[in-house]
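What follows is one structure encoded as C-alpha cells, with my remarks underneath.
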Amino acid sequence: MRVTMNEADYSAAAATAKPMPILIAPQAILRQTARPVKPEDMPSIREGLTGMFSAMYAAPGIGLAAPQVGIGLRYALVDLGEEEERQPIVMINPEILTESEMMAPHEEGCLSLPNQYAEVIRPESVRVRYTMLNGETCERDVDGLLGTCIQHEIDHLDGILFVDHLSSLKRSMIMRRLAKEMKARR
Ligand code: NI
C-alpha cells in the first residue's frame, strides 16, 4: 500500500471497517451549512474515510456527505460502482460551476431519510469542480445518475435535503412518514 492512501485504498479498506453511524432527519447538523475543508483538516478526514465508505456500502448507498455522519465539513463520497468493481470518488470542497438549462427528473432517496423516495427535478447536467485526495483539482461534466448524485451530495453541504426540491405538501408527507417509521423501529 502507498504511504499515502488514495480513494481506492480507502474503499478497499472499508470492507473490514466498522461503519460510522448515519444521522437520520430531522437532525440539526443535516440542516447546517458545512464549512470549507482546509489542508489541516485532512488528517482527521482521512482517519474517518474507511468508516464512512463502510457506512455508505453497508447501507447500501451511492453517496454520503460528511454532515450525514455528523461532520460539518464540505466533502462527500460517491460510488456508482458494483461491489466487485468499485468506483470511489472523494469530493473535497465540491462546487457546481455551471448547470444545464435542461432539467430532468430522477427518483431520489437519501440515507438520512431511509425508505423515502421521490422524483426530483434538477439540471440534467452540471459542470463540477472538486479537490481529490491527492490534492489535485478535478473539473468534469456530469449527467445521468452521477450528475444527480453529485448535485444531491453538494446540497447536503448546504443543509439541503432532496425533499426541499418538492412541494411543501409532499415534503411534509414524507417527513411525517419518516418520523412514524423511525418511531416504530425504536
Ligand atoms: Ni442524501
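Near the amide H of ARG122, within less than 5 Å, lie the amide hydrogens of ALA104, HIS106, all on another chain or at least 5 residues away, with H placed in the peptide plane. A Förster radius of 22 Å combined with the Cβ-Cβ distance from SER44 to GLU139 puts the calculated FRET efficiency at roughly 0.25. Taken over the chain, the alpha-carbon convex hull comes to 120 cubic angstrom per residue. Once you have a ≥ b ≥ c as the square roots of the Cα gyration tensor eigenvalues for the stretch 8-84, tell me rounded if a/c is under 1.5, and otherwise prolate or oblate according to whether a/b is larger than b/c. Taking the square roots of the gyration eigenvalues as a ≥ b ≥ c, the stretch 8-84 is oblate. Can you classify the stretch 46-109 as rounded, prolate or oblate using the Cα gyration tensor, where a ≥ b ≥ c are the square roots of its eigenvalues, rounded means a/c under 1.5, and otherwise it's prolate if a/b beats b/c and oblate if not? Cα axes put the stretch 46-109 in the oblate bin. Lys-Lys pairs in the chain that are eight or more residues apart or on separate chains and whose Cα atoms lie under 29 Å of each other come to 5. Entry note, the chain: the mean residue ellipticity at 222 nm calculated from DSSP H runs of n ≥ 4, each adding -39500 (n - 2.57), is -9500 deg cm²/dmol after division by the residues and rounding to the nearest 500.
If you count, for each residue, the other Cβ atoms within 10 Å and average over each peptide, how do 132-144, 15-27, 88-100 line up from highest to lowest? Could you put the intermediate results ahead of the total?
Values: 132-144: 12.6, 15-27: 15.3, 88-100: 17.8.
Going from most to least packed, we get 88-100, 15-27, 132-144.
No value in this document is a laboratory result; all are computed from the given coordinates. In this text, all values refer to a predicted model and were calculated from it rather than measured experimentally. Ideal geometry is used to build each Cβ from the backbone, glycine not excepted, and the neighbour counts take in all protein chains shown.
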